[in-house]
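The values are calculated or read from the model by the stated rules, or taken from the named source; none is laboratory data. None of the values given here were measured: they were computed from a predicted structure. Note: ideal-geometry Cβ built from the backbone for every residue, glycine included; neighbour counts use all protein chains shown. To get the accessible areas, we keep the full protein, side chains included, count just its heavy atoms, and leave off ligands, DNA and RNA. Shrake-Rupley method; radii C 1.70, N 1.55, O 1.52, S 1.80 Å.
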Amino acid sequence: SSSLVTSDAAIADFQLQLYTHSLDIVFDKKCTRKWQTQFGLQSSQQSNERAGRYLVPNYFKYQTGAFGILEFNSDKWKVDAGVRYDLVQLNTFLFENKVLIKPRHTFQNFSGSIGASRAFGHHFILKANAGSAWRPPSVSELYSNGLHHGAAAIEIGDSNLVQEKAYNLIVTANYHNHKNLTIEVSIYNN
């Protein structure tokens, strides 16, 4: 007689299939010996398909950004300024009380920075930079609901989270004698 034995050990507890496609286009232009520009577009599409135990929902994420950078370089001065716009759209698919719901989130923002450095002789440089940055919440921050084995923690998302924004300012003085002494002092606010 023969017997057929099956085992659930071959079936994954949960399975995630993450597909990502991205496109980056950057255009550099040296306008003069001292001035240079850079413009670009970045775009990505990401989808997640899950099976088994729930950790994060199925989703489609579309992200597009455009940026421009202007740089000036001379013997004593270096100045750069940049601006960027990003748009993120997140479409999720999950069951709530056995009903399929499709929450959509759209996040968008501008960010930018401006910085300058000035050399005083061969040993002393003064630098300053001001900027802003942002980030949208991730899918796991919005919709996690369960045990995350990699972190050994129970994660619970909050679908009402909004994007984070940061503003910073830094001023740095640097002295270097080209032998064995370097002194750097920075003051910053973030």
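Things to note:
- Condition broken by GLY40, with the remaining ones in (1) in contact (Cβ under 8 Å) with a residue 60 or more places away in the chain; (2) touching a strand residue (DSSP E or B) at 6+ places or on another chain (Cβ under 6 Å) satisfied: (1)
- Of everything in the range 27-69 that is more than 18 Å from the chain's Cα centre (by Cα) and open to solvent by 80 Å² or more (accessible area, probe 1.4 Å), the residue that is modelled with the lowest pLDDT is GLU49.
- Among the residues making up the range 140-179, a single one is acidic (Asp, Glu) and at pLDDT below 90: GLU155.
- Residues of the range 104-118 satisfying the condition of being closer than 14 Å to VAL162 by Cβ and either not in a strand (DSSP E or B) or not hydrophobic (A, V, I, L, M, F, W, C) (or both): HIS105, THR106, GLN108, ASN109
- Filtered by the rule that a residue be out of contact with any Leu (no Cβ under 8 Å at 6 or more places or on another chain) and of a type in the set (Gly, Ala, Ser), the range 52-81 gives GLY52, GLY68, SER74.
- Per-region count, the range 153-190, residues outside any loop (DSSP other than H, G, I, E, B), among the polar types (S, T, N, Q) and open to solvent by less than 50 Å² (accessible area, probe 1.4 Å): 2
- SER132 vs. criteria within 30 Å of GLN46 (Cβ to Cβ) and either surrounded by 15 or more Cβ atoms within 10 Å (Cβ to Cβ) or among the acidic types (Asp, Glu) (or both): yes
- Which numbered condition ASN129 misses (of (1) modelled with pLDDT of 95 or more; (2) in contact with a Pro (Cβ under 6 Å, 6 or more places away or on another chain)): (2)
- Taking (1) at pLDDT 95 or above; (2) outside any strand (DSSP E or B); (3) surrounded by fewer than 15 Cβ atoms within 10 Å (Cβ to Cβ); (4) not hydroxyl-bearing (Ser, Thr, Tyr) in turn, PRO137 satisfies each apart from (3).
- HIS122 falls short on exactly one of the conditions (1) under 18 Å from ALA173 (Cα atoms); (2) part of a strand (DSSP E or B); (3) over 20 Å from the mean Cα position of the chain (by Cα), and that condition is (2).
- Looking only at residues of the range 74-124 that are polar (S, T, N, Q) and at pLDDT below 95, we find that the one that is least open to solvent (accessible area, probe 1.4 Å) is THR92.
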